[in-house]
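The values are calculated or read from the model by the stated rules, or taken from the named source; none is laboratory data. Please read these numbers as outputs of a predicted model, since none were measured by experiment. Using ideal geometry, Cβ is built from the backbone for each residue, glycine included, and neighbour counts are taken over all protein chains shown.
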Amino acid sequence: MSEAGGREGGRSTVCGCPIREGARRHPDAEALTFTGQAWTYRALDAEVARWVAALEARGIAAGERVALLATNHVASVFLFWALGRLGAVLAPLNARLTPAELAPLREDVEPRLILALGTLMDRLSGAEPLESFAASTSSPTCEPLAETASRVILFTSGTTGRPKGAVLTEGNFRASAKASAANLGEHPAPRWLGTLPLFHVGGLAMLTRTAYEGGCLVLHDRFDADAVNRAIDSEGISHASLVATTLERVLDARGDRPVPPSFRLALIGGGPVPLPLLERARKAGLLALQTYGLTEACSQATTERPTESDGRTAGPPLPGTEVRIVGVDGTARGPGEEGDIEVRGPTVMAGYWRRPDATAEALRDGWLRTKDLGVLDARGRLTVLSRRTDLIVRGGENIYPAEVEAVLANHPAIQEAAVVGVPDARWGEVPMAFLTQRPGQPRPDAETLSAWCRQSLAGFKTPARFTWVDALPRNAMGKVERTVLRQRSST
């Protein structure tokens, strides 16, 4: 892993392709659906083999990188598994980025091949059409893949500085799938709803999870609340991954219709979820579990357990994963003590692509330093207080945006809330709240909102300014883009 500057040494298990294994064990089981089409494990295995032959014909071998620019598409699934059989590495790029933003990522990866959906090809110089790439019908034989083999390079959506490419391995994905299944409970053939983008770790986690568990990925090209509800009602969906905003849109679109018993649960990432929203979901029969994860830990690090969830924390670490809280001096903190969140286990990335200094900074003695702030309770459950870059320091007092946002989100007139720090001559920094209005509710004034906050928060945590917006800016995963809000605060 010299390119990633990551961990070396140790023994590695050799792994076969889960699609080929599925074709051997349950060939007629459904493995994938997309826009009305379905593939059994036998059919998907044959399609992947066709893509392997096409990639080999272009000289793609172990260690080579293939860049991909695409929204969710079935060809991306074929490509992912085909590259795995060759030991080659996928570098999926965010389909929302501009040509100027994509150019340095391409230069960093130095791909042997660039593929893009036809509608996106003009954004990436040298790209070839993804949809028509594989034309070969031969069926090559591929060697098993080592757990330490790199599978993807995922560029982090950091708010400052040059994006870093997290290198995730075959072992990372397998460990993540195994730990998630152990936490959520056994299912004979889970059907995961795939609305998260496949250029994000959450989307790839669902893709790999279903294959390793012998389930089916019901892939959607984008999120659409009505389409999600149709899939839940008529396609036997058992699991889904959402964020708070998409969960609310699904519930809004459902109206009074209860969720069928075939739907087991939804993982909710992207930050804390307002308790009223979780309660509303449960009234509809939808069990929503909060989770904390990050790209560098191959998606989930902690997740609520279905039998113990109360919506007040992000749950305990997944089986096989360790989470600790440390102080500024690096010593571990006890229950109830705030500090930096660190993660250790088989899901932690190999390192950052060609960034040895950044890798050394992030990985210390096997621990991933997330730079997020949190606290563990006596039961080992994690509460995320703030992403490190989101922390607001007002006159020496720490303010965690999530805490303020949770209070604001409970106001009947507020649909969503996002809090950021803005410069202040007296205090150095003060919180500012951006709000969206709940339909049909009157808009309260700043004095009313301040009074509402003071019922639950210390005075220094109350936002100094409240700004109403039509919608909060979000990235492809639905996370609020706080950098954009900070920029708006100065205009």
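Descriptive notes on the structure:
- In the stretch 181-234, residue farthest from residue 321 (Cα to Cα) [restricted to those that are among the acidic types (Asp, Glu) and either more than 17 Å from the chain's Cα centre (by Cα) or not assigned by TED's automatic domain parsing to the domain that holds residue 290 (or both)]: 226
The rows are residues; the columns are (1) touching a Ser or Thr at 6+ places or on another chain (Cβ under 6 Å); (2) more than 30 Å from residue 483 (Cα to Cα); (3) surrounded by fewer than 24 Cβ atoms within 10 Å (Cβ to Cβ).
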site: 146; (1), (2), (3): yes, yes, yes
site: 150; (1), (2), (3): yes, yes, no
site: 156; (1), (2), (3): yes, no, yes
site: 188; (1), (2), (3): no, yes, yes
site: 225; (1), (2), (3): no, no, yes
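- Among the residues of the stretch 353-360, some residue qualifies, meaning at least one is polar (S, T, N, Q) and out of contact with any Leu (no Cβ under 9 Å at 6 or more places or on another chain).
- Subset of the stretch 73-111 (residues that are under 28 Å from residue 43 (Cα atoms), touching a residue at least 40 places away in the same chain (Cβ under 8 Å) and in contact with a Gly (Cβ under 8 Å, 6 or more places away or on another chain)): 87, 89, 91
- Sub-7 Å Cβ pairs linking a first residue in the stretch 421-437 that is among the charged types (D, E, K, R) to a second residue that is part of a strand (DSSP E or B) and modelled with pLDDT of 85 or more, at least 6 apart or interchain, are 424/430; 429/392; 429/394; 429/421; 429/422; 429/423, ordered by first then second residue.
Condition check ((1) hydroxyl-bearing (Ser, Thr, Tyr); (2) at pLDDT below 95; (3) not assigned by TED's automatic domain parsing to the domain that holds residue 191) across all residues:
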site	(1), (2), (3)
9	no, yes, yes
73	no, no, no
79	no, no, no
88	no, no, no
98	yes, yes, no
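- When the criteria are applied in full, residue 217 fails the requirement of being buried (at least 19 other Cβ atoms within 10 Å of the Cβ) and either within 20 Å of residue 303 (Cα to Cα) or out of contact with any Phe, Trp or Tyr (no Cβ under 9 Å at 6 or more places or on another chain) (or both).
- In this structure, residue 171 does not satisfy being over 24 Å from residue 479 (Cα atoms), touching a strand residue (DSSP E or B) at 6+ places or on another chain (Cβ under 9 Å) and not in a helix (DSSP H, G or I).
- Residues that are touching a residue at least 40 places away in the same chain (Cβ under 8 Å) and small (Gly, Ala, Ser) were ranked within the stretch 245-273; the one that is surrounded by the most Cβ atoms within 10 Å (Cβ to Cβ) is 269.
- Against the criterion of being touching a Gly at 6+ places or on another chain (Cβ under 8 Å), of a type in the set (Asp, Glu) and surrounded by fewer than 17 Cβ atoms within 10 Å (Cβ to Cβ), residue 131 qualifies.
- For the stretch 149-164, the tally of residues that are modelled with pLDDT of 95 or more and either at positive phi or more than 15 Å from the chain's Cα centre (by Cα) (or both) stands at 3.
- Some residue of the stretch 468-485 being exposed (fewer than 12 other Cβ atoms within 10 Å of the Cβ), modelled with pLDDT under 90 and part of a loop (DSSP other than H, G, I, E, B): no
- Selection of strands (runs of 3 or more DSSP E) fully inside the stretch 341-411 by the criterion of at least 3 residues being at pLDDT 95 or above returns 367-376.
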